[in-house]
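Engineer: A single structure is presented below for examination.
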Amino acid sequence: MEGDPPSVSVFEKGELVGYLFVTKDITSSKGYSSQTFDMLVSLKLDGKLAGAKVLKHNEPIIGMYTPEGELILPKFTSQYKGLDIRVPTKVNLLRTEGVGSIDGISSATVSAVLFNGAILRAARIIALSKGIRLNDNPVVDIVNFKETIFTQLVSDGSISRLTLTMEDLRKDGINKPKVTNRSGVADIYRYKALFAGNTPVAAKQKEVKKGYEDTERNLALDLYLAPVVTPTIGRNLLGDKWYDIFIAGRDPNETTIVIATLGRYPLDGEPHIAKGSFKRLAIVQEDKYIPLLKSNFRNLGFLHGEDKPFFAEAGLYRIPSKYSLDPVKPWSLEILLESKVPNENKKYLVNYILNNKYIIKPDGLKKLADKDKPIWHSAWENQKNNLIIMFLTLLILTFAIVQMKTLSKFDNRRKIFRYLFLTWILLWLGWIAGGQITIISVLMWLAAPITKPSWNVLLSDPLLTVLMVYVIISFIFWGRGLFCGWLCPFGSLQELLGKISQYLKVPQIKIPERINKNALNVKYILLLLLLFLSFYSTNLLNLGSEIEPFKTSISMKFQREWYFILYSLSLLIMGLFIERFFCRFICPLGAFMVLGGKLRIKNPLKRRNECGNPCKLCSNACPIDAIDIKGNINMNECFYCLDCQSLYYNDHKCPPLVIKRKKIQSSYVDDKFEESLA
């Protein structure tokens, strides 16, 4: 490698075709594990990547294979072949297609974001240093589509409109316009309506017109104009079939427009001439005057969809690339209004400015190559919708826990709320958004003061960052239980399966208290082992972290090698007989949460003097044996299911409340009896 920044020139048949470089030589190349990764990247002279390859990495949560059996990293990096470094490119976290995006690595969001940032930033720095001149002009979005009705397209400016009445023409000095006797509705439909009379067909046609009067004789011209290359305009106007036939796949430098009209003035003043240009139509842009040729015209007759009127005329006008019409810049349709008196002829302009939402504006290359711009910023912007959902989810949970007294008094509602919330956490946070905290996440944060990772690493997964901050705050008020009991996707999966098994009368195993007490220590031993490995060997840490089934069952949705799936299923099967088996005895993340829970300033769970002596109701009812025979709640193991709190407020189950209720009822009966004797 030579130069600053270092790179190697690539030649083909004696001619320079591009440059080869390694990302770590040019920009920050530290991954999720805070270890350096090496990526070999090749850049062509046209500003597009020829390819990328991962030479070395120590990322802990990148598996070997995709569900289809392909190697994960080659599949990921293959997306960079032909990628334009001028276009801001983000990593898709939810595998949705879109321009300027690539699919991420399942379960390895942060790693994918960091890989992407290193590749593009290094390539842009090389391009600048080598004097590669790249065009940063904005372009029309030809990918994204949003279903939109015709009137909305008109109101937001996607379709331009010009309306002229006969009175308007007279005011403009056109007293004898060359209008026809057509009524403003396409002849074929008017013809049918005349013969159909008051038949259902005619009635339906009148309904479809939605306010467009076929007897409006004063309407000279009601013209609608729009370019149809961008799918939101094109597909909504033409329908999918016509768009695919006439628009998709054509030369991207061509522009195709739709012109549709109502009214008595026809667009073609010389219908008997089949060749040449339209006498009454032309395109104007800056100093360019572009004729519309009849050879590039296709008559449509109508536009699909009941949201559109029955146009008198509707057609496609293709403008070849040789005319250099730039659809991003403002342009106009010039229409000649002819009169039977030649000196009354007048030209009108229908101006068109493409809405910014249909324009892709690549940032300047220098701005994109800026070393100081944080990689994590784009990740947060990409996740803004999920962040809103996350904040709402945490707000609902916080409100429910703060109001646990009210929630616990209504046992059936509490159970319904809990099961629905756990289902939401499993489906959305776990399987859709990928928000499963793992022991690797925790160890990375714990080691941050020593390893001093960049903020790009710490903040590149927005959902996990928000969740971690929330969990740390929750330690102070509620301890370990809020995360483990309510916010862990795998814990939710275990509990939901466990409740289903109990509903199906699957026998439950009651672990003797002494064995249970000793078994609880296993997770702390595993945590210490992983903590040691985090300082000793990253590779061994990656292997040891597989003790957690989160990656297999949540992040990768059981789409892994068979032995990982077998291990995860084994833990879930154990959970059918012993509630929350993994959470209670094995989970090293749970062990860390216990330690964090020591920050709790008070115990919010209510107890009575009678709890444990003589009453054993709560200790027997606790599904995870977190209440001992003396009635004390072990907050290190409590998951805040609130079963004990529902019993605490239930005057038909809690013995002290039952006795109190019966005394009140007995006193009431005695008073009534005495009143009857008086």
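The values are calculated or read from the model by the stated rules, or taken from the named source; none is laboratory data. These numbers were taken from a predicted model, which means no experiment stands behind them. All Cβ positions, glycine included, derive from the backbone under ideal geometry; neighbour counts span all protein chains shown.
Engineer: Which number in (1) out of contact with any Gly (no Cβ under 6 Å at 6 or more places or on another chain); (2) surrounded by fewer than 17 Cβ atoms within 10 Å (Cβ to Cβ) marks the one condition that Leu281 misses?
Structural biologist: Single failed check for Leu281: (2).
Engineer: A further question on this structure: Restricting to segment 24-39, name every residue that is touching a Phe, Trp or Tyr at 6+ places or on another chain (Cβ under 8 Å) and modelled with pLDDT of 75 or more.
Structural biologist: Lys24, Met39
Engineer: Could I ask something else about it? Six or more apart or on different chains, Cβ under 7 Å: which pairs go from a residue in segment 378-398 that's at pLDDT 85 or above to one that's among the small types (Gly, Ala, Ser) and not in a helix (DSSP H, G or I)? Could you list them?
Structural biologist: Here the result reads Asn386/Ala433, each pair linking segment 378-398 to a residue that is among the small types (Gly, Ala, Ser) and not in a helix (DSSP H, G or I).
Engineer: I'm told Asn634 meets every condition in (1) over 15 Å from Glu513 (Cα atoms); (2) assigned by TED's automatic domain parsing to the domain that holds Trp486; (3) polar (S, T, N, Q) except one. Can you identify the failing condition by its number?
Structural biologist: The one condition Asn634 does not meet is (1).
Engineer: Same structure again: Applying the selection to segment 512-525, what residues are of a type outside the set (Gly, Ala, Ser) and surrounded by fewer than 21 Cβ atoms within 10 Å (Cβ to Cβ)?
Structural biologist: Hits for segment 512-525 are Pro512, Glu513, Arg514, Ile515, Asn516, Lys517, Asn518, Leu520, Asn521, Val522, Tyr524, Ile525.
Engineer: For segment 255-278, which positions are more than 21 Å from Pro327 (Cβ to Cβ), of a type outside the set (A, V, I, L, M) and outside any loop (DSSP other than H, G, I, E, B)?
Structural biologist: If the condition is that a residue be more than 21 Å from Pro327 (Cβ to Cβ), of a type outside the set (A, V, I, L, M) and outside any loop (DSSP other than H, G, I, E, B), then Thr261 is the only one that fits.
Engineer: Give me the residue from segment 391-425 that is among the hydroxyl-bearing types (Ser, Thr, Tyr) and surrounded by 13 or more Cβ atoms within 10 Å (Cβ to Cβ) and, out of that set, nearest to Gly481 (Cα to Cα).
Structural biologist: Thr398
Engineer: Here is a list: Gly597, Gly590, Gly631. Which entry is in a loop (DSSP other than H, G, I, E, B), among the small types (Gly, Ala, Ser), in contact (Cβ under 8 Å) with a residue 12 or more places away in the chain and buried (at least 20 other Cβ atoms within 10 Å of the Cβ)?
Structural biologist: Gly631
Engineer: In segment 303-326, which residue that is surrounded by fewer than 18 Cβ atoms within 10 Å (Cβ to Cβ) and in contact (Cβ under 8 Å) with a residue 60 or more places away in the chain is farthest from Asn181 (Cα to Cα)?
Structural biologist: Among residues in segment 303-326 that are surrounded by fewer than 18 Cβ atoms within 10 Å (Cβ to Cβ) and in contact (Cβ under 8 Å) with a residue 60 or more places away in the chain, the one farthest from Asn181 (Cα to Cα) is Ser321.
Engineer: Which of the helices (runs of 4 or more DSSP H) contained wholly in segment 166-254 include at least 3 residues that are more than 36 Å from the chain's Cα centre (by Cα) and at pLDDT below 65?
Structural biologist: Per the criteria, 187-196, 200-209.
Engineer: Take the residues in segment 136-161 that are modelled with pLDDT under 85 and in a loop (DSSP other than H, G, I, E, B); name whichever of them is surrounded by the most Cβ atoms within 10 Å (Cβ to Cβ).
Structural biologist: It comes out as Asp141.
Engineer: Same structure, new question: Considering only residues of segment 492-511 that are loosely packed, with under 13 Cβ neighbours inside 10 Å and under 12 Å from Ile624 (Cα atoms), which is modelled with the highest pLDDT?
Structural biologist: Ile509
Engineer: Within segment 604-615, identify whether any single residue is under 26 Å from Phe490 (Cα atoms) and in contact (Cβ under 8 Å) with a residue 12 or more places away in the chain, and answer yes or no.
Structural biologist: yes
Engineer: Take the residues of segment 327-351 that are in a strand (DSSP E or B) and touching a Pro at 6+ places or on another chain (Cβ under 7 Å): which is surrounded by the fewest Cβ atoms within 10 Å (Cβ to Cβ)?
Structural biologist: Asn351
Engineer: Of the numbered conditions (1) without any contact (Cβ under 8 Å) to a residue 40 or more places away in the chain; (2) outside any strand (DSSP E or B), Leu292 satisfies every one except a single condition; which is it?
Structural biologist: Condition (2) is where Leu292 drops out.
Residues are listed down the side, and each one gets a yes or a no for (1) surrounded by 16 or more Cβ atoms within 10 Å (Cβ to Cβ); (2) over 30 Å from Val402 (Cβ atoms):
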{"site": "Leu530", "(1), (2)": "yes, yes"}
{"site": "Ser553", "(1), (2)": "yes, yes"}
{"site": "Leu566", "(1), (2)": "no, yes"}
{"site": "Leu571", "(1), (2)": "yes, yes"}
{"site": "Asn603", "(1), (2)": "no, no"}
{"site": "Lys606", "(1), (2)": "no, no"}
{"site": "Pro614", "(1), (2)": "no, yes"}
